[in-house]
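The values are calculated or read from the model by the stated rules, or taken from the named source; none is laboratory data. Just so it is clear, the structure is predicted and the values come from calculations on it, not from any experiment. The area values use the complete protein model at the heavy-atom level, side chains included, leaving out ligands, DNA and RNA. Shrake-Rupley method; radii C 1.70, N 1.55, O 1.52, S 1.80 Å.
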Amino acid sequence: MTKADIVNAISENTGIEKMVVQKTVEAFMESVKGSLIKGEDVFLRGFGSFVVKTRAEKTARDMAKKTTIRIPAHNIPAFKPAKSFVAEVKDNNKVK
């Protein structure tokens, strides 16, 4: 599902114009990104949490040059689904 698909689905379900829905969805995404950039987690009860995870420093190999490189510690955005959301997905995807 793409952002356009989400906008279309919300517009059809609510009767709100697509342009208004698109601006709302984009504003939501910018708000989440802005919060994560500031290091603030975003919690959406029943859906999940957008969090900032810290990756530890590690050593890797550059196979082309046959050298060792150091990858510094860094932060990455992540999504952790709510338990109820995970349960719904599991129940819906059971093999019959």
Setting aside same-chain residues fewer than 8 positions from Lys33, which aspartates and glutamates have a Cα under 12 Å from its Cα? Asp41
Accessible surface of the chain [probe 1.4 Å, protein heavy atoms]: carbon and sulfur percent: 57 percent
Per residue, how many Å² of accessible area does the chain show with a 1.4 Å probe? 84 Å²
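Could you list, in their original order, any pairs among Lys38/Lys90; Lys58/Lys83; Lys58/Lys80; Lys23/Lys90 whose Cα atoms are separated by more than 26 Å?
Details: Lys38/Lys90 33 Å; Lys58/Lys83 31 Å; Lys58/Lys80 24 Å; Lys23/Lys90 32 Å.
Among Lys38/Lys90; Lys58/Lys83; Lys58/Lys80; Lys23/Lys90, the Cα-Cα distance tops 26 Å for Lys38/Lys90; Lys58/Lys83; Lys23/Lys90.
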Other-chain or far-sequence residues with amide H under 5 Å of Ala82's (modelled H): Phe47, Gly48, Ser49
Out of these labelled values of mean projected area of the Cα convex hull in nm², [x] 10.6; [y] 5.6; [z] 9.4, which was calculated from the coordinates shown here? [x]
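Using the Cα gyration tensor of the range 37-91, with a ≥ b ≥ c the square roots of its eigenvalues, what is the shape: rounded (a/c below 1.5), prolate (a/b larger than b/c) or oblate (neither)? Walk me through the numbers before you get to the answer.
Details: a/c = 5.48, a/b = 2.15, b/c = 2.55.
Verdict is oblate for the range 37-91.
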